[in-house]
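Visitor: Structure in structure tokens, see below.
The values are calculated or read from the model by the stated rules, or taken from the named source; none is laboratory data. Keep in mind the model is a prediction, meaning the values are calculated, not measured. Note that each Cβ is placed from the backbone with ideal geometry, even for glycine, and that neighbours are counted across all protein chains shown.
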Amino acid sequence: MFPKVSKATLKVIIAACFGSISYGYVSGVGGTIIAQPTFIDYFNYDSSASIADTFNGLLSGGGLIGVFIGGTLSESYGRRFAIWCGSLIGVIGATLMTASVDIPMLYVSRIILGMSIGMLVMLIPLYQTEVAPTEGRGLLVCMHGVLILIGYCMAFWINVGVYFLKTEGSWRIPAGIQILWPIALAISLFFLPESPRWLIEHGEIEKARKIMMELEPEMTNEEFDLLHHQISIENQKSSWLSILTTKSYRRRLYVGLSVMIGGQATGTLVVTNYGPTLYAALGFNNLNQLLISSGYITCGVLSNLASAFLSDVAGRKTLMIVGIFGSGIIAMSFETIMVALYGGSDNKSGNAAAVFFMFFHILIYGGCVDANTYVYVNEIWPTHIRSKGAALCTSGLFIGILAFTTGVTTAINTIHWKFFIVFICLSTVFLVIAWFFFPETKNVSLEEVGRLFGDYPLEDDNQVNAIDGKSLEKSLKETHNILVKEEKSIEQSV
């Protein structure tokens with residue numbers, strides 16, 4: 001349950017999570033401040049206008065750009081430098097939003113902030129994946145998902161705190177707090193090491209050895225040499241195009257995109273957005289609606305924390321299958337029934353039941369799917385192309401957000417509960433994909449994951465399942481022997 005992890009590794013994991021908080025806080029704060037009466041009065045717009053959809057759409061659009069910037073920078077200049085750039089962009093965007101005096105200025109700030117969080121939501125778990133030990137990697141990298149929800153939760157509770165302010169501070173204060181997280185992250189980077197796997201890939205072997213020994217004190221020189229050899233052998237084609245032209249990379253891409261888009265296809269964002277409508281139907285005033293929404297997000301934090309501890313026990317694939325089935329099919333089916341029967345009515349029991357299934361949805365989604373997606377899409381790629389592969393997969397997150405939330409208000413107002421059926425059907429499709437095509441990666445070293453995708457032969461189909469952190473040396477030796485045989489075979493054929 002609690003893997004043995006060095007203090008150096010814990011320091012890296014925890015400090016990097018400032019980027020996770022930044023993503024969560026920025027994602028949550030926009031929707032809360034645009035509903036503030038002082039915000040509406042200051043910018044003189046109709047609260048029923050489409051500014052909310054535009055506000056959120058620009059953030060996701062910026063995020064889609066950011067993941068590719070992050071993927072390019074992190075491969076060429078290192079993980080730390082790319083994260084630092086994402087932090088700097090976040091400070092600029094947050095400053096611009098806090099100082100906004102008109103709608104166009106707000107829109108520009110949202111694009112810049114989107115670029116920042118797009119970079120960070122991809123780079124933080126990538127960096128954590130490459131410094132975490134095999135045993136406990138799920139728990140440690142899941143902290144990224146947990147801290148995202150904590151950031152989101154903070155945005156809601158801070159909005160509760162400024163609710164009674166009748167000045168511009170009711171929205172400028174929450175907007176200004178966005179600056180804190182990227183600044184804290186940028187400062188932390190001065191005390192954090194570069195990814196040792198990136199250093200090996202770029203020929204800085206002794207520097208990587210020193211960092212690796214600090215992160216994993218029990219690692220021997222022989223184990224490191226085998227790790228070095230494995231990464232060197234894998235260091236081949238690493239262009240964006242090679243992901244499409246190499247069979248095993250294409251499979252990773254299909255799986256990774258299915259993970260990220262499939263998570264959004266459970267309808268979690270739509271359920272979250274529909275909450276205030278149900279709370280209003282139950283007779284709650286604006287403040288109480290805000291309190292319930294904050295409690296809803298808090299449940300997400302707790303369930304994500306549970307997911308972190310389950311990831312290395314139950315496994316990524318198992319949790320995602322259970323999560324998609326429980327949140328996207330079971331919870332959404334009951335939610336659809338409740339909304340179809342009682343939506344828009346004054347039946348308090350029916351509406352209360354609908355709220356219950358909303359909370360049930362977030363508990364299952366957070367406990368099984370949310371944090372695990374970030375672990376999975378980073379650990380399935382080999383080192384030399386991990387940044388590009390993770391960027392492409394993480395783009396699925398923003399594609400899903402744009403596809404499933406743009407015009408959601410119009411859809412619910414037009415076709416009502418029938419809109420929820422879309423997510424039940426999509427979840428069924430992704431459940432089948434997960435069941436048949438997602439390989440299990442728990443307790444498999446990053447250098448062994450390639451076997452699951454056919455990068456090199458696997459002598460025994462059950463061999464990978466037996467690999468854990470304690471048998472790293474043995475598994476690396478086996479891989480070393482296989483690769484040496486392949487090299488000799490290639491030399492003889494030439």
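Visitor: For the stretch 147-183, which positions are β-branched (Val, Ile, Thr) and surrounded by fewer than 23 Cβ atoms within 10 Å (Cβ to Cβ)?
Guide: 150, 158, 160, 162, 167, 173, 177, 179, 183
Visitor: I would also like to ask the following. Mind listing just one residue for me: the one in the stretch 125-166 that is at pLDDT 90 or above and of a type in the set (Val, Ile, Thr) and, of those, nearest to residue 33 (Cα to Cα)?
Guide: Out of the qualifying residues, it is 158.
Visitor: Residue check: is residue 156 assigned by TED's automatic domain parsing to the domain that holds residue 122, under 30 Å from residue 44 (Cα atoms) and part of a loop (DSSP other than H, G, I, E, B)?
Guide: no
Visitor: Turning to a different aspect of this structure: Do we find a residue being farther than 21 Å from residue 410 by Cα, in a helix (DSSP H, G or I), free of Cβ contacts under 8 Å to residues at least 12 places away in the same chain and within 24 Å of the chain's Cα centre (by Cα) anywhere in the stretch 51-68?
Guide: Within the stretch 51-68, not a single residue is farther than 21 Å from residue 410 by Cα, in a helix (DSSP H, G or I), free of Cβ contacts under 8 Å to residues at least 12 places away in the same chain and within 24 Å of the chain's Cα centre (by Cα).
Visitor: Then there is this: Got a sec? Which helices (runs of 4 or more DSSP H) wholly within the stretch 310-418 have at least 2 residues that are modelled with pLDDT under 90?
Guide: 332-342, 348-365, 386-405, 408-415
Visitor: Residues that are under 19 Å from residue 266 (Cβ atoms), assigned to a helix (DSSP H, G or I) and under 23 Å from the mean Cα position of the chain (by Cα): does the stretch 443-453 have at least one?
Guide: Checked against the condition, which is being under 19 Å from residue 266 (Cβ atoms), assigned to a helix (DSSP H, G or I) and under 23 Å from the mean Cα position of the chain (by Cα), the stretch 443-453 yields no hits at all.
Visitor: Okay, next question. Restricting attention to the stretch 423-450, report how many residues are at pLDDT 95 or above and β-branched (Val, Ile, Thr).
Guide: Total meeting the criteria: 5.
Visitor: Out of all the residues in the stretch 338-356, which are surrounded by fewer than 23 Cβ atoms within 10 Å (Cβ to Cβ), of a type outside the set (Ser, Thr, Tyr) and touching a residue at least 24 places away in the same chain (Cβ under 8 Å)?
Guide: Of everything in the stretch 338-356, those that are surrounded by fewer than 23 Cβ atoms within 10 Å (Cβ to Cβ), of a type outside the set (Ser, Thr, Tyr) and touching a residue at least 24 places away in the same chain (Cβ under 8 Å) turn out to be 340, 343, 344, 346, 348, 352, 355.
Visitor: Which count do you get for residues in the stretch 201-234 that are modelled with pLDDT of 90 or more and either under 11 Å from residue 447 (Cβ atoms) or out of contact with any helix residue (DSSP H, G or I) (no Cβ under 8 Å at 6 or more places or on another chain) (or both)?
Guide: Matching residues across the stretch 201-234 total 3.
Visitor: Can you tell me which residue among 272, 246 is under 22 Å from residue 399 (Cβ atoms), assigned by TED's automatic domain parsing to the domain that holds residue 343 and of a type outside the set (Phe, Trp, Tyr)?
Guide: 272
Visitor: Test of understanding: among 26, 91, which residue is out of contact with any Cys (no Cβ under 7 Å at 6 or more places or on another chain) and either surrounded by fewer than 24 Cβ atoms within 10 Å (Cβ to Cβ) or assigned to a loop (DSSP other than H, G, I, E, B) (or both)?
Guide: Being out of contact with any Cys (no Cβ under 7 Å at 6 or more places or on another chain) and either surrounded by fewer than 24 Cβ atoms within 10 Å (Cβ to Cβ) or assigned to a loop (DSSP other than H, G, I, E, B) (or both) holds for just one of 26, 91, which is 91.
Visitor: Taking residue 104, is it over 19 Å from the mean Cα position of the chain (by Cα), closer than 30 Å to residue 231 by Cα and modelled with pLDDT under 95?
Guide: no
Visitor: Only residues in the stretch 201-222 that are over 22 Å from residue 10 (Cα atoms) count as the first member; pair them with residues that are at pLDDT 90 or above and among the small types (Gly, Ala, Ser), Cβ under 6 angstrom, at least 6 apart or cross-chain, and list the lot.
Guide: Partner pairs satisfying both residue conditions: none exist.
Visitor: Can you tell me how many residues in the stretch 414-448 are surrounded by 21 or more Cβ atoms within 10 Å (Cβ to Cβ) and closer than 30 Å to residue 225 by Cα?
Guide: Result for the stretch 414-448: 8.
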